[in-house]
Every structure is written in C-alpha cells, then in structure tokens.
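Below is one structure, written out as structure tokens, with a few remarks after it.
The values are calculated or read from the model by the stated rules, or taken from the named source; none is laboratory data. A quick note: this is a predicted structure, and the numbers were derived from the prediction, not measured. FYI the Cβ positions are ideal-geometry reconstructions off the backbone, even for glycines, and counts take in every protein chain you see.
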Amino acid sequence: MQVLPLRVLVLNDNFFQRAISVNMLRQLGCESVFSALSALDALHTLQSVGPVDVVLCDLRMHGLDSLDFLRCSAQNGLVKSVIVNSSLAEDVRRAATKLIPLLGLRMLGELGQPLQFDTLSRLLKNYLNQPATPSDSPNIDLVADEAQVRRAMECAQMETYFQPKINLLSSEVSGVEALTRWNHPTGGVVSPVVFMPTLERCNLMDELFFAQFDQGLQLQRHFLMHGTPLNIAFNLQPSQLSNAALVTRIKATLASFRLPGAGVTFELTETGLVEASATCMENLVRLRMMGCRLSIDDFGSGFSSLQRLCQWPFNEIKLDGEFVQSLGDGPRSRAVISSTIALGESLGMTVVAEGIETQEQHHQLVDLGCVHGQGYFFAKPMTKHGLESWLQSRYPNPEERRLRSLTPR
C-alpha cells in the first residue's frame, strides 16, 4: 500500500462517523491519523502530538464549536488545511468554506455524509500535488511605498494591459478593459494590489489614469485606422469624479485623438459610490452626454446595488466574478446571475460576467442567458502588442478582425 506523507486529524463527535473516517484514512495510507470527539479534545491532542497537515472536520459540535477550534489552531500553527465533512445545510457549509481561508487555513474541499472514499482520496492527493504557491512578486513589499511608486511612474514602468471582453454566443471580441500593471525591473509584473493603495493615498490616481487613457486611445486610434472600432473600458475611482475639471480634461484628450466618446466605457465600483457627491453625479451625466458608456463594476459586492441602478446613469452591469466562481456551489449563485441578467434586460443595460475561468462556467452562463463575459478562460490581460498578436491569431483573415464595438442599443 502506498504511504501518503500526511498527518491527519479527524474531528467528529459521532463515534460511528469518526471510526469510519479514521479507518478510511488508514486504508488510503496516511502516515499518521489522530481522532478527537470534541473541539477541546482536538486542541489537547494537537498540543500533545504536534501540528497536522489536514483536519477532517464536522462543523456541528457541542461546547467549543469547530470554528473556534479552527481559529485557535490557525493562530497557533497547529493545522495547515481543512476538509469539511458535515451534514449541516448546504448554505451553512458553503458559508463556512468561505470563512476558513479567512482564518489563514487552506480549504481543500467539502464532503457530505456519508464519506466517499474516492473523493477523500482525490482531496488528499490535491493537497500533496498543489502546494501553496509563492508570491508572484517576491522582491516587492506587500504594499509599495510612495517613493517606489513615483520612481516607477517616472521610469515609465507602469504599463497598460488589455483584457478582451467576449460575446459568449458568437465568440467575437466586443471590447477590451484597460488595466495597469507595474513592470518592475527585478520583481517582474506586479499586481495592482501592491501599488494601488499608495496611488490613492498620495493622490496620484489622476496622473495614472491619464497616462493609461493616452495609451488606450493610441491603441484605439491605431485599430480604427485599420478599420476596426474597438471599445475600451477604463476604471475610474468615485473620488476622481469629485474633481469638477475631470470631464473637461477627458473631453479634451478625446478631441486631441479625434475620437468620439462612444468608443469609451468608464467602469466604477459599486462600493465606492455609496457616499458619492453631487459633483460626481454631474460628471457622470456629462460623460453620458458625451456618448461615453458607464459601467457599474463588481455588481453585487456592495449593499446598495438596486438603489444605485435607479439613481445613477449607468448602461452596463459587470457582475462580480465571485458569483461566477460559485456557480458549482449550489443554486444561489445561479439565481443571482439569472436575476441580474433579467434586471439588466428590463432596464436596457448590458450585463457582463467577470471571472470566467472554465468552459463549464462559459456554458452555464450561456444557459442562463448571459451574452457578454470576460476572464482567463478567453484571455489574460496583455500588452498592446500582445493584444494585436492575439487578435491576429484569433482572426487570421483581416476582414474578420473588424471587431464590433460594445455599443448595444
């Protein structure tokens, strides 16, 4: 029998279920298997035998509950990962699986009862075959400081990347979203989470935005000269819209490239609009009057979505990718997506699903009536040269590269 180099703890207050789990883990060849009938017993066991790789955990416990145990174990470095094995209601199990990573533990998967041998074997092998990935940018601090960010901007290390939006029915490219990436000379391509908080804190968002806007419009102008109208979406922070001069500068920039506002979309996150000012509303109205499209980004991640749809002049909804990622977790995400699509149709708004990573998600969204989507399944963000090469490989015939702008009526 193959020996799995794993130390596993079974936490279950049901004697019969606990015995089955222990026996099954031993049959699978786990190096060390421990068991506990309560959360307190489990803590005492770990303090005696030392840390374990995996806890097979029933969430329904008496006394000190399993979540208290997991929190305490994570804080003391006694547990690395968790498999949930519980008969609780599906929505409670699903919520718990979202909580476990927030405690600093790796969530391997969820098993109902009775326990399935093949599924348990697959989850344990996944743990062995997929170790935690290292940071993509090991030479960069968690959040870059002001000096680093200013130097990056001065040295033109901040580059605009473009991620295509796709018509899910025809597979045509319906537009692209402009995203900033930091090409660090030693750290590689750095995620926005490293530098965006510093940009906001140091009031550098406008400087970054207009640098990105120029790069995006240059690309749009290039495609238009070759007969290809390409809608480009840019992200704006609500705080930027509080600047009364913002729209005037956007209008002047478009005029300098001799491009219409209709070829541009501005995306704003829902959560940032909760306390938006009158100037913010005025600027949004002016952008719409210029022909620009407005998209409410990460829809469903805030708490005032319907109110915002009624009050603000948006004509596109970008559905938060969390709903797409949760499509396989139960009926709730499907219901949210289906309802949002119906709401968008009734309000005359385009709905774009974010975060599509698999063909199954693509098919499920089409079945639900979603027409537009975006995600790594179709394409990752890429440089302007990467986008041109990607389009040429996707549409070898020059006539096929005459993309349709994302401008539904």
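Structure notes:
- Note on region 21-55: residues that are touching a Leu at 6+ places or on another chain (Cβ under 7 Å) and either under 16 Å from L123 (Cβ atoms) or without any contact (Cβ under 8 Å) to a residue 12 or more places away in the chain (or both) total 10.
- Selected residue (criterion: modelled with the highest pLDDT) from residues of region 101-132 that are farther than 21 Å from Q27 by Cβ and part of a helix (DSSP H, G or I): P101
- Subset of region 269-308 [assigned to a loop (DSSP other than H, G, I, E, B) and at pLDDT below 70]: E270, V274, E275, A276, S301, G302, F303, S304
- Hits in region 1-27 (condition: surrounded by 15 or more Cβ atoms within 10 Å (Cβ to Cβ) and modelled with pLDDT of 90 or more): L6, R7, V8, L9, V10, L11, I20, S21, V22, M24, L25
- For first residues located in region 72-89 and within 12 Å of R106 (Cα to Cα), partners that are at pLDDT below 85 and of a type in the set (D, E) and lie 6+ apart or on another chain with Cβ distances below 6 Å form the pairs V84/E110.
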